[in-house]
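One structure is given below, encoded as structure tokens.
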Amino acid sequence: MAGNSNNIKNILIVEDDKDMREIYEIFFSDQKDKYLFDFESNAEEALKKLKVKKYDLVLLDIIMEPMSGDAFFMHVRKEMGDDLKNIPILVVSVLSPSILRQLKKINHVDFAQKPVTKEQLLEKIKAIIG
Amino acid sequence: MVKKSKIDLNKYWSPAFNTMSEFVYLLDKGFNIIKVNKAVADFTKKDESSLIGTKCYKALYDVNKPLTKDCPYKRMLKSEKFETLELFIPHRKKWLNIRTNPIFDEKNNLIGGVTFSEDITDRKNTEKLLLKSEEEFRVTFENAKDAIFWADIEAMCIVKCNKAAGKLVERDVKEIVGKSHTILFPPEKIEIYNNMFRTHLKKGGGFDEPAEVITKSGKLKPILITSSLTTIGEQKIMWGIFHDISERKKTESALKESEEKFRTLAEESPNMIFINKKGKVIYANKKCEEVMGHKKDEFYSDRFDFMSTVEPKDHDKVRKAFIKHMRGENVPPYEYTLALKNGNKMEIIITTKLINYGGEKAILGIITDITERKQIEKMKDNLICDVSHSLKTPIAITAMALEVCKGAMQVNDLDQIRRSHAIAHSNIKKAHKDVNNILEIFTLETGRAKRQKNKKEKISLTSVINEILKSLSYLILDKGLKINIDIQENAKDVIISRKDAVILINNLLENSIKFTEKGSISIKSRLKGSEVEISVQDTGCGIEPKHINKVFDKFYKRHPAVDGSGLGLAICREIVNIYNGKIEARSKGKNQGTTIIVRLPKG
């Protein structure tokens, strides 16, 4: 399947930390045949991006200003149209697993706690969108 | 003559003698009985004829010689005169009054005597009793601790008084007896006391009244008079016992004084102090009024419910502690929440003690406000939370960057090694800075009171600003920012500790530089009343109106793209608060620049 542009998945990374975004870039630099990444540092802007481009997965940070990751998450699940409200979300945060599990209870979502390895992340992404 | 008289004696005198209860006997000079009356015969239980010729002492007392050397008969034989003696007969437990008269013959020669013996045992016993009671009275009277006076009502003078009476008024007893009672009382009170005596006399009864006596030297002594009326012989006597109560008064006033002292201590205590008896508040100090908001009258009212000062969640706890106390068990200090009259709550710790109040068990409670302690505890919790919150991200990123670096090193990817190393390095530096900032704000928050005592001095704004601009010059030059300084002459100094001035100005300027990519930063100072207003205006990214109030919150980040702990302005606010100053942020909106305005006391 590699190289088939039809099978390339679009992933939106919502992360306000510049260094963290750079790490993602390094992590995924050899995944360009499978995934295409867009970066957004502001959750409000990310909401707009969701409406103009179809994404297969969102990688979401939680502690962000001015709009937090959980506010973004709730907005997607409650305010968005049917085509968008069930978009898979993978939360990647420094928050403890117990807090993240609370989020999972609300709606289908997976999570990974920072620090996370490239392999762990790819495994989770693969499990969700293939 | 003699014969005739003998006849007479036998015929007329014998019946007379025989009716007498006294012993009558005639003796010759050798103590031999010549004649006895019936009383003697009865007493000795022998008939008269068998007694004649026996020695009188043998017949009467059953002894072989006179009972005493002082025998009156013996004396009479010598003196030939009337002799008498009161004699105790031990084995008969009787007192006899013996009187004896000589008998002479025609030639005036002593031939014997006639003796009368009267049983005076009853009289003797009564006398003894009287003597004893008199002695007892005398001893009691003389040695009584209280002063006792006898006054003759008609003669209007003191007829008797004891030693204690003399001591009370500091006079010799002789000096008092015979004088008017007025000698005992202060002149200005005599009229009052006379009325008092008269009133009681009319009623005829005894009385107890407080009064005052005056001593010879003019000293006044408080006394309690117990007095009554009695008749001794012909005299109407008013007797009075004066009980000196100066010691009691002294003790009372000492007690009152010490109570006063403790009351004042309790009243002025910075803690709330109360006494609760059977669920009722019977004492509450000023602090209780101030803090809880009830007036003393409300506390003491029958309708007042002590539990209304306790938050409902703690009712059980407090009730149980009180019950435990009433059982006599110890209750260690415990914490609960006070419910104040105005609806507010207060965290307190209470120390209680079971005391005796008016003969009954009561609970003394001392309440200390621990709001501040609780706040510090909360701050400590916050500190731990803040530290972990702000360290988590940079440490997680560092860990991830190092992981990347490790992988890159294995394949010798120099570009990735450089990038990941730079990320790890900057994040560790950031973590370090954050910890410092958090500790700074923590000490500011907890040490606010202590810091207020720090040495405040007149600080020149220009010198502090220049010093800080120098240290920040690499950032300013990097962005090519223009710095304008406009310090007015009448607003060039502020009152602040030097350390706080440096932290404050540094944070203000660093903050502005951080959010300004191009343009200028203008620092101004103006006099506003007794304060100096310092403003730092930039041409940076500005703040949206809805976020303007959040900029002083801890960990608030205006711009996700800009590094920082989100503590800079929070620290500024803490410092300004210490000096009772003001801090405010103004911005017309996004990319419209920001102005932070600070007011501090003028130097």
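The values are calculated or read from the model by the stated rules, or taken from the named source; none is laboratory data. Since we're looking at a predicted model, the values are computed, not measured. Neighbour counts run over all protein chains shown; Cβ positions are idealised from the backbone, glycine included. Calculation scope for accessible area: heavy atoms of the full protein, side chains included, ligands and nucleic acids excluded. Shrake-Rupley method; radii C 1.70, N 1.55, O 1.52, S 1.80 Å.
As a check on your grasp of the helix formula, calculate [θ] at 222 nm for the protein assembly as shown: sum -39500 (n - 2.57) over DSSP H runs of n ≥ 4, divide by the residue count, round to the nearest 500.
On the way: 27 runs with 316 residues, N = 733.
For the protein assembly as shown, the value works out to -13500 deg cm²/dmol.
With charges only on Cβ, +1 for K and R and -1 for D and E, what is the dipole size of the stretch B:144-244 about its Cα centre, in debye, rounded to 20? Provide the component values of the computation, followed by the final result.
On the way: 15 positive and 13 negative charges, 31 e Å.
Rounded to the nearest 20 debye, it is 140 debye.
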Cα axis of helix B:568-578 to longest principal axis of chain B: angle in degrees, 0 to 90, nearest 10? 40 degrees
Could you work out the relative contact order of the stretch A:5-129? I mean the mean sequence separation of Cα pairs under 8 Å and 6+ apart, divided by the number of residues, in percent. 23 percent
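Using the Cα atoms of chain B to build a convex hull, what is its mean projected area in square nanometres? Don't skip to the answer; put the middle values down first.
Working: hull surface 255.3 nm².
With the hull built on Cα positions only, its mean projection is 63.8 nm².
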Which loop trypsin sites (Lys or Arg not before Pro) in the stretch B:127-177, with loop taken from DSSP, have no more than 15 other Cβ atoms within 10 angstrom of their Cβ? B:LYS145
Modelled label-to-label distance, B:LYS278 and B:THR337, 7 Å Cα→beta-carbon offset: nm? 3.3 nm
In whole Å, how far is the Cα centre of the stretch A:63-78 from that of the stretch B:500-519? 30 Å
Cα-Cα over 30 Å: which of A:LYS48/A:LYS126; B:LYS249/B:LYS280; A:LYS48/B:LYS378; B:LYS132/B:LYS174; A:LYS118/B:LYS550; B:LYS202/B:LYS256? B:LYS249/B:LYS280; A:LYS48/B:LYS378; A:LYS118/B:LYS550; B:LYS202/B:LYS256
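Gain in length, B:SER258 to B:ASN484, computed as 0.36 nm per residue apart minus the alpha-carbon separation, to one decimal in nm? Provide the component values of the computation, followed by the final result.
Numbers: separation 226, 0.36 × 226 = 81.36 nm, distance 6.95 nm.
Roughly 74.4 nm would be gained on extension.
For Cα pairs less than 8 Å apart in space and 6+ apart in sequence, what is the mean separation divided by the residue count of chain B, i.e. the relative contact order in percent?
Details: 984 pairs, mean separation 34.4, N = 603.
After rounding, I find 6 percent.
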Could you tell me how far the Cα centroid of the stretch B:38-103 sits from the Cα centroid of the stretch B:401-435, in Å? 145 Å
Could you give me the ³J(HN,Hα) list for the stretch A:80-97, computed from phi with Karplus coefficients 6.51, -1.76, 1.60 and θ = phi - 60°, whole Hz, x at Gly and Pro? 6, x, 4, 5, 10, 5, 9, 4, x, 10, 10, 7, 10, 8, 7, 4, 5, x
Could you list, in their original order, any pairs among B:LYS482/B:LYS590; B:LYS320/B:LYS341; A:LYS18/A:LYS53; A:LYS34/A:LYS85; B:LYS46/B:LYS93; A:LYS53/B:LYS429 whose Cα atoms are separated by more than 27 Å? A:LYS53/B:LYS429
To the nearest 10 degrees, the tilt of helix B:461-471 (Cα long axis) against the first principal axis of the alpha carbons of chain B is 60 degrees
Which far-off residues, 5 or more places away or on another chain, put their amide H under 5 Å from the one on A:ILE63, with H placed in the peptide plane? A:GLY69, A:VAL94
Dipole moment magnitude, nearest 20 debye, chain B about Cα centre, only Lys, Arg, Asp, Glu C-beta charged: 540 debye
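Counting partner chain Cβ atoms within 10 Å of every residue's Cβ in B:410-416, what's the average? Walk me through the numbers before you get to the answer.
Numbers: counts 0, 0, 0, 2, 0, 1, 2.
Mean number of neighbouring Cβ atoms from other chains: 1.
Could you run the numbers on buried accessible area between B and A, total for both chains, 1.4 angstrom probe, in Å² to the nearest 100?
It comes to approximately 1900 Å² buried between B and A.
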Burial order of peptide ranges B:115-125, B:43-53 (average beta-carbon count within 10 Å, highest first): B:115-125, B:43-53
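Treat every Asp and Glu Cβ in the stretch B:2-125 as -1 and every Lys and Arg Cβ as +1, leave all other atoms uncharged, and give the resulting dipole magnitude about the Cα centre to the nearest 20 debye.
260 debye
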Treat each spin label as a single point 7 Å out from the Cα along the C-beta direction, and report the B:LYS203 to B:MET156 distance in nm. 2.5 nm
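Could I get the Rg over Rh figure for the stretch B:1-102? Both from C-alpha atoms, Rh via Kirkwood, rounded to two places. Provide the component values of the computation, followed by the final result.
Values: Rg = 13.8 Å, Rh = 14.4 Å.
Reported Rg/Rh (Cα atoms, Kirkwood Rh): 0.96.
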For B:GLY540, which sequence-distant residues (separation of 5 or more, or a different chain) have an amide H within less than 5 Å of its own amide H, given hydrogens modelled in the peptide plane? B:GLY593, B:THR594
If packing is taken as the average count of other Cβ atoms within 10 Å, what order do B:525-532, B:478-485 fall into, highest mean first? B:525-532, B:478-485
Quick one: 3J(HN,Hα) in Hz for the stretch B:253-263, Karplus 6.51/-1.76/1.60 with θ = phi - 60°, rounded, Gly and Pro as x. 6, 5, 5, 4, 4, 5, 5, 4, 4, 5, 5
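Probe radius 1.4 Å, ligands and nucleic acids ignored: give me the carbon and sulfur share of the accessible area of the protein assembly as shown as a rounded percent. Walk me through the numbers before you get to the answer.
Details: 22270 of 41170 Å².
Exposed carbon and sulfur together represent 54 percent of the surface.
I need the shape label for the stretch B:335-485. Rule: rounded when a/c is under 1.5, else prolate if a/b > b/c, else oblate, with a, b, c from the alpha carbon gyration tensor.
On the way: a/c = 4.86, a/b = 1.88, b/c = 2.59.
In terms of gyration-tensor shape, oblate.
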Values of log10 I(q)/I(0), in the order q = 0.14 Å⁻¹, for the stretch B:144-244 under a Debye, Cα-only, solvent-free model: -0.46
Using θ = phi - 60° and the Karplus form 6.51 cos²θ - 1.76 cosθ + 1.60, what ³J(HN,Hα) does each residue of the stretch B:403-414 get, whole Hz, x for Gly and Pro? 4, 4, 4, 4, x, 5, 5, 5, 9, 6, 7, 4
Please list the non-local residues whose amide H lies under 5 Å from the amide H of B:VAL159, H modeled 1.01 Å from N, same-chain partners needing a gap of 5 or more. B:TRP150, B:ALA151, B:ASP152, B:GLY178
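B:THR251 to B:CYS385: FRET efficiency via 1/(1 + (r/R0)^6), r the Cβ-Cβ distance, R0 56 Å, to the nearest 0.05? Please report the intermediate quantities before stating the final value.
Values: r = 62 Å, r/R0 = 1.10.
For R0 = 56 Å, the calculated efficiency reads 0.35.
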For the stretch B:373-446, restrict the atom set to alpha-carbon positions and state the Rg and Dmax in Å. 16.8, 57
Starting from 0.36 nm per residue, how many nanometres of slack lie between B:MET307 and B:LEU439 once their C-alpha separation is accounted for? 43.4 nm
Radius of gyration and maximum dimension Dmax of the protein assembly as shown, Cα, Å: 58.9, 194
Assuming R0 = 25 Å, can you tell me the calculated FRET efficiency for the pair B:GLU517 and B:VAL411, based on Cβ-Cβ distance, to the nearest 0.05? 0.10
Which of the trypsin sites (Lys or Arg not before Pro) across the stretch B:287-332 are loop residues per DSSP, with 14 or fewer other Cβ within 10 Å? B:LYS295, B:ARG303, B:ARG327
From the Cα trace of the stretch A:5-129, what convex hull volume per residue do you get, rounded to a whole Å³? 99 Å³
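Please report, to one decimal in angstroms, the Kirkwood hydrodynamic radius of the stretch B:285-333 built from all distinct Cα-Cα pairs.
Working: mean 1/r = 0.0811 Å⁻¹.
The Cα-based Kirkwood calculation yields 12.3 Å.
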Report, as an integer, the average count of C-beta atoms from other chains found within 10 Å of each Cβ along B:387-396. 4
Less than 19 Å from a label point 7 Å out along the Cα-to-Cβ axis of B:GLN375: which backbone N atoms in the stretch B:568-591 qualify, by residue? B:570-583
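Leaving out ligands and nucleic acids, and using a 1.4 Å probe, what accessible area per residue does the stretch B:373-446 come to in Å²?
Working: 4250 Å² over 74 residues.
Accessible area per residue: 57 Å².
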Over the stretch B:263-365, calculate the relative contact order: mean separation of alpha carbon pairs under 8 Å at least 6 apart, over the residue count, as a percent. 25 percent
Peptide B:232-238, shielding by other chains (average Cβ, 10 Å cutoff): 0
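For the stretch B:144-244, what is the accessible area per residue in Å² when the probe is 1.4 Å?
On the way: 5520 Å² over 101 residues.
Accessible area per residue: 55 Å².
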Residues from the stretch A:56-78 losing no less than 20 square angstrom of accessible surface in the full protein assembly compared with the chain alone, 1.4 angstrom probe, ligands and nucleic acids excluded, are A:ILE63, A:GLU65, A:PRO66
Cleavage-rule hits, GluC sites (Glu not before Pro), the stretch B:189-259, DSSP coil, Cβ neighbours within 10 Å at most 12: B:GLU234
I'd like the per residue volume of the convex hull spanned by the Cα atoms of the stretch B:196-286, given in cubic angstrom. 183 Å³
